[in-house]
1. Scan the range 78-122 for residues that are over 18 Å from LYS53 (Cβ atoms), β-branched (Val, Ile, Thr) and within 13 Å of the chain's Cα centre (by Cα) and report the count.
2. Only residues that are assigned to a helix (DSSP H, G or I) and among the hydroxyl-bearing types (Ser, Thr, Tyr): list them for the range 140-168, please.
3. From the list ALA104, ALA100, ALA62, ALA81, which residue is of a type outside the set (Val, Ile, Thr), assigned by TED's automatic domain parsing to the domain that holds PRO46 and in contact with a Gly (Cβ under 7 Å, 6 or more places away or on another chain)?
Amino acid sequence: MSKSDHTAREAVHLLKDSGFTENKLKSTILRNPSILTLRVDSQLKPKMEFLKKICLTTLDIAVIVFRRPRLFNMSLENCLATRIVYLETLFASKVHLCKALRRAPVLLVCNFKKRQVPRVEYLKNRGILEDSLGFGQALNLVLNHSFETLEKKTKHMASLGLADEEIS
């Protein structure tokens, strides 16, 4: 057995142990085959352990990785940890943060400075507070749309007679 075969088998074993069903495992690998080349002890496990420390369960991590498999390709120190630290400042508690990550795993992988930070400011300017229960959902929504699209939707809702508070 070659070293790459061994690495791939270890990665598959770790993912199965982490709650991946056979179908989700296949789908995740098809969307990000490089997972099979990552070393379990130095690349996969540390990221999973880091995510567990912020209160995500093994099943939560499986769901997040299934929805955003490139998460494992990110640097733990330079990307993932930095984003978590920033996100922790936005949410009232780790419980709210974890809830937001389950709903919107894109928070961990989107272009941080170019996409996430300006959209947080957009929400703040609309009066949506970071410690509110809907902040994670609102952030997920604005991360998936351009500002142009958001403004068009806002104008459309206003034309239907909705007040700014209702739109927010």
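1. Residues that pass the stated criteria total 2.
2. THR149, THR154, SER159 - these are the residues of the range 140-168 that are assigned to a helix (DSSP H, G or I) and among the hydroxyl-bearing types (Ser, Thr, Tyr).
3. ALA62
The values are calculated or read from the model by the stated rules, or taken from the named source; none is laboratory data. Bear in mind the structure is a predicted one, so any value in this text is a computation, not a measurement. Backbone-built Cβ (ideal geometry, glycine too); neighbour counts: all protein chains shown.
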